[in-house]
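A.B. asks: One structure, pasted below without further comment.
The values are calculated or read from the model by the stated rules, or taken from the named source; none is laboratory data. All figures in this text were calculated on a predicted structure; none of them were measured in a lab. As a convention, Cβ positions derive from the backbone with ideal geometry for all residues, glycine included, and neighbour counts pool all protein chains shown. Ligands, DNA and RNA are excluded from the accessible area calculation, which covers all protein heavy atoms including side chains. Shrake-Rupley method; radii C 1.70, N 1.55, O 1.52, S 1.80 Å.
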Amino acid sequence: MPDFSRILLLYYLAANVFALLLFALDKHAARTRQWRVPELTLLAFCAAGGALGGWIGMLFFRHKTRRRKFTGTVPIFLLLHAGFLMLLWKFGLI
């Protein structure tokens, strides 16, 4: 596996785990009435490669599933990143 592929894999793995943890943290904060993670931060991590982790976090923790902002954009981010990875694979870059 080329170095670029390993770096990209580690990046996506870290971004998705971190996004999942952010959704879990925000759900816990919502239940206990503590400081919340801003919605823009959650969406930014999804846009930056953590869309799968964010989507899993939404479904698993039942968090932000009624917010159209999340139910519309997170799956779009997921499809965009999947398309990006497929293009890289098609051109032999990963």
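A.B. asks: If you count, for each residue, the other Cβ atoms within 10 Å and average over each peptide, how do 46-56, 8-18 line up from highest to lowest?
C.D. replies: Result, highest mean Cβ count within 10 Å first: 46-56, 8-18.
A.B. asks: Now for a different question. Beta carbons within 10 angstrom, averaged per residue: use that to sort the peptides 73-85, 28-40, highest first.
C.D. replies: Peptide ranking by packing, descending: 73-85, 28-40.
A.B. asks: Would you mind working out the accessible area per residue for the chain, using a 1.4 Å probe, and quoting it in Å²?
C.D. replies: That works out to 71 Å² for each residue.
A.B. asks: A further question on this structure: Using the C-alpha atoms of the chain, what convex hull volume per residue, in cubic angstrom, is computed?
C.D. replies: It comes to 82 Å³ per residue, whole-number rounded.
A.B. asks: Further, regarding this structure: Give me the percent of the accessible area of segment 45-85 that comes from carbon and sulfur atoms, probe 1.4 Å, all protein chains in place.
C.D. replies: Carbon and sulfur: 70 percent of the exposed surface of segment 45-85.
A.B. asks: Reported to two decimal places, what Rg/Rh ratio describes segment 1-54 when computed on Cα atoms with Rh from the Kirkwood expression?
C.D. replies: Looking at segment 1-54, the ratio lands at 1.13.
A.B. asks: While we're looking at this one, here's another question. To one decimal place, what Kirkwood hydrodynamic radius in Å is obtained for segment 41-94 from all pairs of distinct Cα atoms?
C.D. replies: Taking every pair of different Cα atoms in segment 41-94, averaging 1/r and inverting gives 11.5 Å.
A.B. asks: Just to confirm the number: angle between the C-alpha axis of helix 3-32 and the first principal axis of the chain, 0 to 90 degrees, nearest 10?
C.D. replies: Once rounded, one gets 10 degrees.
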